[in-house]
1. Through the Karplus equation 6.51 cos²θ - 1.76 cosθ + 1.60, θ set to phi - 60°, convert the phi angles of the range 16-24 into ³J(HN,Hα) values in whole Hz; use x for Gly and Pro.
2. Please arrange LEU2, LEU7 by counting, for each residue, the other beta carbons lying within 10 Å of its beta carbon, fewest first.
3. Output wanted: per-residue J couplings in Hz (rounded whole) for the range 6-14, from phi through Karplus 6.51 cos²θ - 1.76 cosθ + 1.60, θ = phi - 60°, x for Gly and Pro.
4. Which FRET efficiency, nearest 0.05, do VAL10 and SER68 yield, Cβ-Cβ r, R0 25 Å?
Amino acid sequence: MLSHLVLYIVRLIKLFPAENGISQTLSPNTIITGAPTSLFKDFALEFGTYVQAHDVPTITNNTTTRTSGAIALCPSNDHGG
């Protein structure tokens, strides 16, 4: 969990422009990837938050649970997961 915390912090640092960096308005992540920063997606979950993760490998019509309890280690992937 500690290694995921370090990766999470590094990811957040890259979302903001560096004080003495190349650009005062663009973040390092935007400069490298070209993708604009989506603050709502990146800050939707805090690190270590308990969440219910959707987990249905096959669709069934019975009363089994469709979510599992999990701890959020990163905000989300590119597909909203």
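1. Using θ = phi - 60°, the values come out as 10, x, 6, 4, 10, x, 5, 10, 8 Hz.
2. So the ranking, lowest neighbour count to highest, is LEU2, LEU7.
3. Once θ is set to phi - 60°, the couplings for the range 6-14 become 5, 4, 5, 5, 4, 4, 5, 5, 6 Hz.
4. 0.35
The numbers here are math on the coordinates, done by the rules we state, and not lab data. Note that the structure is a prediction, hence the values are computed from the model and not measured. Reconstructed Cβ throughout: ideal geometry from the backbone, glycine too, with neighbour counts over all protein chains shown.
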